1. What single numbered condition from (1) in contact with a helix residue (DSSP H, G or I) (Cβ under 9 Å, 6 or more places away or on another chain); (2) open to solvent by 40 Å² or more (accessible area, probe 1.4 Å); (3) over 30 Å from residue 150 (Cα atoms); (4) in a loop (DSSP other than H, G, I, E, B) fails to hold for residue 44?
2. So which residues in segment 28-41 are surrounded by 14 or more Cβ atoms within 10 Å (Cβ to Cβ) and in contact with a strand residue (DSSP E or B) (Cβ under 7 Å, 6 or more places away or on another chain), if there are any at all?
3. Tell me which of these residue 119 doesn't satisfy, since it passes every other one: (1) of a type outside the set (Asp, Glu); (2) outside any strand (DSSP E or B); (3) surrounded by 13 or more Cβ atoms within 10 Å (Cβ to Cβ).
4. Does any residue of segment 49-61 turn out to be out of contact with any Pro (no Cβ under 8 Å at 6 or more places or on another chain), buried (at least 20 other Cβ atoms within 10 Å of the Cβ), in a loop (DSSP other than H, G, I, E, B) and not aliphatic (A, V, I, L, M)?
Amino acid sequence: MKKIINPWLGIDGYFCFGCAPDNEAGVKMEFYEDGDEIVSIWKPEQKYQSWINTLHGGIQAVLLDEICGWVVSRKLQTTGVTSKMETRYLKPVSTKDEYLVLRASIKEQRRNIVMIEASLYNSQQVLCSQAVCTYFTMSSEKAKEQMHFPGCDVEPEEVNPLE
């Protein structure tokens, strides 16, 4: 896997709840490219629980939606907005789990509409939740102008994010 370079680092006003490293309230996700998939390894914390030791469903939705957005950024080299999200919660997710693994890839694309499938697994590789996000993507010109998107690249070396 290769780590994806966050193209918004250093941009004034960048405070994304999902991926900004300096947003103290946020989830601070990082992303990796693994073939056709985008991957994120995320450590749950008690502050994101609903019931005792259970990850809030809204936080699961944030994680799934965010990784879908990064599929658009890396695989299509543009940005977009979520127009629809269907989420299925299959198993409870423990906030005491060592880490979670999220994986997402393009399912279908028609012009500027992209459907992305995302899955969330616990550290025992049990599928806990899934989503299909429909994204409305922007032209590369609009992404540059409105979203300050310079393109999305990866670090040159292979890494294992679990190490």
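1. So residue 44 meets the others, but not (2).
2. 29, 30, 31, 32, 33, 37, 38, 39, 40, 41
3. For residue 119, the exception is condition (2).
4. Checked against the condition, which is being out of contact with any Pro (no Cβ under 8 Å at 6 or more places or on another chain), buried (at least 20 other Cβ atoms within 10 Å of the Cβ), in a loop (DSSP other than H, G, I, E, B) and not aliphatic (A, V, I, L, M), segment 49-61 yields no hits at all.
Yes/no matrix, rows are residues, columns are (1) assigned to a loop (DSSP other than H, G, I, E, B); (2) closer than 20 Å to residue 125 by Cβ:
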| position | (1), (2) |
| --- | --- |
| 16 | yes, no |
| 19 | yes, no |
| 22 | yes, no |
| 25 | yes, no |
| 64 | no, yes |
| 88 | no, yes |
| 92 | yes, yes |
| 103 | no, yes |
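The values are calculated or read from the model by the stated rules, or taken from the named source; none is laboratory data. On a predicted model such as this, the values are computed, not experimentally measured, just so you know. A quick note on method: Cβ atoms are made from the backbone with ideal geometry, for glycine too, and the neighbour counts reach across all protein chains shown. Accessible surface areas use protein heavy atoms only, side chains included; no ligands, DNA or RNA. Shrake-Rupley method; radii C 1.70, N 1.55, O 1.52, S 1.80 Å.
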